[in-house]
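Inspection log for the structure reproduced underneath, given as structure tokens.
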Amino acid sequence: MANNNVFIALQNNEEARPIIEAIEQDNSEARVEYAPAMVKIDAPGRLVVRRETVEGLIGRDWDPQELHINLISLSGNVDEDDDEIVLRRGN
Amino acid sequence: MTIEIKTTSIEPLRHTFDNVARRLGADKPASRYLEAMFDLQPDVNFHYRPLWDPDHELYDTDRTAINMEDWYAFRDPRQFYYGTWTITRSKQQEVAERNYAFVEKKNLLDLVDDAAKQKAEAVLVPFRHAEYAANLNNMYICAYGYGTAITQAASFYAIDRLGVAQYLSRIGLMLDGNTSESLDNGKQAWLENDAWQPLRQLTEDLLVTKDWFELYVAQNFALDGLAHPLLYERIDGALQKSAGSTISMLTEFMNEWYGESSRWVDSTLKTAAGESDANKAQLEQWARHWIDRAAKALTPVAAEVFGSDAQGVIAELREELTTRAKKKAGLDL
């Protein structure tokens, strides 16, 4: 059976922490795995990073493009707009 | 030959300070804001009561009629601690400096007709004295308030007001060609011109308001909630008709600042009102009283620009402020 998982790996730092928390809030099926200096988040089929959730956590405007500053790697088809970045695989 | 790179994961013994962990309910990494805010103010071992106020401890919750179970519930939605606050303001100042330099370099003020310049000077420059009062009032809140959550934000708000007063002075200096004549006239108007006396009396009454939370409602919500939209939206809009965007470029910081800081004011009121019905009733009573006073005090100032329409303009601003109180803070005014 084909692997349907998508993942995103972020640096584990002060800036990425609220993003990770937002991903945990918005993706109930995501599994968060802490490695030294890195956090890898796997999710089956779809994973979303929402601007609104992150902004709520950091208390200022946040551009989803800021994600790339702390991004290590990702897998899946990327679909991004002003409000969210979505990783998906399959249909 | 194969090289095997081994990694060892070292789990830190603690992720944050104990007091922060207690408040979060678990030892997990906390944001800098939470670490730089929670429990910074001492609350035990004061030894003696201050000689200047023997009825209270040095830090005392009884200095206001508002009661809170936890005074650290007043989180700042902007999450400002000293670091983030200074970084934000320094970025804004760079933009403002560029705007001022641009207006000077292109001599944009020469294109503004004299009537508009006089109006701008007559309204903006005396207001720097009111801004200074806002600075003192928020320093009072910082000094006599309880809990770092609200007192640190109040001290930032106070310094912001000093910045606003300085920008207003600079606008005056740009309008009078660096002779400081406008500043002298502004002070004269503040002290003697009939249009400014109700506002001056209001700010002087605020300077001697004892209850720091009442002062918060009066200054940061009622007076600022009417004065800032009046100056930087309504009057600015009226000046744009003949001054173009020149004056707006010089007051843009105030505009942006007001939008940002109202979020903090609204969230503080919402937290206090949500704590108990007694708090809510007290806040509503204060807000009604001080909005009334502020509206009366600002009407003659508005009349400098709007003439006989001033009443209508102030009534609209009151309406907007009442809606804001209902929507953002849950207060029925």
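Summary table below
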quantity	calculated
Candidates B:His47, B:His56 - the one that is surrounded by 13 or more Cβ atoms within 10 Å (Cβ to Cβ) and free of Cβ contacts under 8 Å to residues at least 40 places away in the same chain	B:His56
A:Pro36 being closer than 30 Å to B:Tyr81 by Cβ and more than 10 Å from the chain's Cα centre (by Cα)	yes
Test: residue in the stretch B:67-77 that is outside any loop (DSSP other than H, G, I, E, B), of a type in the set (S, T, N, Q) and in contact (Cβ under 8 Å) with a residue 12 or more places away in the chain	no
Check on B:Val44, more than 14 Å from every other protein chain (Cβ to nearest Cβ), touching a helix residue (DSSP H, G or I) at 6+ places or on another chain (Cβ under 9 Å) and over 22 Å from B:Ala154 (Cβ atoms)	no
Selected residue (only one of B:Thr84, B:Thr88, B:Thr2, B:Thr7 is loosely packed, with under 12 Cβ neighbours inside 10 Å, within 14 Å of chain A (Cβ to nearest Cβ) and hydroxyl-bearing (Ser, Thr, Tyr))	B:Thr7
Unmet requirement for B:Ala115, which otherwise passes all of (1) aliphatic (A, V, I, L, M); (2) assigned to a helix (DSSP H, G or I); (3) free of Cβ contacts under 8 Å to residues at least 12 places away in the same chain	(3)
B:Arg98 surrounded by fewer than 22 Cβ atoms within 10 Å (Cβ to Cβ), of a type in the set (Lys, Arg) and touching a residue at least 60 places away in the same chain (Cβ under 8 Å)	no
Residues located in the stretch B:1-30, provided they are among the polar types (S, T, N, Q) and over 14 Å from A:Ala37 (Cβ atoms)	B:Thr2, B:Thr16, B:Asn19
Yes/no for B:Val125 being crowded, with 18+ Cβ neighbours inside 10 Å and in contact with a Gly (Cβ under 7 Å, 6 or more places away or on another chain)	yes
So A:Asn77, is it exposed (fewer than 14 other Cβ atoms within 10 Å of the Cβ) and either touching a residue at least 12 places away in the same chain (Cβ under 8 Å) or at negative phi (or both)	yes
Residue among B:Arg98, B:Arg49 that alone is at pLDDT 95 or above and not small (Gly, Ala, Ser)	B:Arg98
Residues of the stretch B:167-187 that turn out to be surrounded by fewer than 20 Cβ atoms within 10 Å (Cβ to Cβ) and closer than 18 Å to B:Glu260 by Cβ, as a count	0
Enumeration of residues in the stretch B:204-223 that are in contact with a Ser or Thr (Cβ under 7 Å, 6 or more places away or on another chain) and outside any helix (DSSP H, G or I)	B:Asp211
The stretch B:13-41 - residue that is within 11 Å of chain A (Cβ to nearest Cβ) and in a loop (DSSP other than H, G, I, E, B) and, of those, farthest from A:Ile58 (Cα to Cα)	B:His15
Scope the stretch B:141-153; condition under 13 Å from the mean Cα position of the chain (by Cα), surrounded by fewer than 24 Cβ atoms within 10 Å (Cβ to Cβ) and not polar (S, T, N, Q); matching residues	B:Ile141, B:Cys142
Qualifying residue in the stretch B:229-251 (condition: surrounded by fewer than 19 Cβ atoms within 10 Å (Cβ to Cβ), under 23 Å from B:Asp76 (Cα atoms), modelled with pLDDT of 95 or more and of a type outside the set (Phe, Trp, Tyr))	no
When residues of the stretch B:59-76 are limited to those that are acidic (Asp, Glu) and surrounded by 15 or more Cβ atoms within 10 Å (Cβ to Cβ), the one farthest from the other protein chains (Cβ to nearest Cβ)	B:Asp60
Cβ-Cβ under 7 Å pairs, at least 6 apart or on other chains, the stretch A:52-68 side within 11 Å of A:Ile85 (Cα to Cα), far side part of a helix (DSSP H, G or I)	A:Pro64/A:Arg51; A:Leu67/A:Ile19
Strands (runs of 3 or more DSSP E) within the stretch A:12-83 that include 3 or more residues under 25 Å from B:Lys6 (Cα atoms), away from chain B (no Cβ under 14 Å) and of a type outside the set (S, T, N, Q)	A:71-75
Where B:Leu51 falls short, out of the listed (1) within 14 Å of chain A (Cβ to nearest Cβ); (2) aliphatic (A, V, I, L, M); (3) not in a helix (DSSP H, G or I)	(1)
Single match in B:Leu108, B:Leu24, B:Leu40 (criterion: at pLDDT 90 or above, surrounded by 13 or more Cβ atoms within 10 Å (Cβ to Cβ) and under 30 Å from B:Ile171 (Cα atoms))	B:Leu108
Subset of the stretch B:233-254 that is in contact (Cβ under 8 Å) with a residue 24 or more places away in the chain and in contact with an Asp or Glu (Cβ under 8 Å, 6 or more places away or on another chain) - its residue that is farthest from B:Ser169 (Cα to Cα)	B:Ser242
Some residue of the stretch B:261-268 being without any contact (Cβ under 8 Å) to a residue 60 or more places away in the chain, surrounded by fewer than 21 Cβ atoms within 10 Å (Cβ to Cβ) and not acidic (Asp, Glu)	no
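The values are calculated or read from the model by the stated rules, or taken from the named source; none is laboratory data. Everything numeric here is computed off the predicted structure, so don't read it as measured data. Every residue, glycine among them, receives a Cβ derived from its backbone with ideal geometry; neighbour counts consider all protein chains shown.
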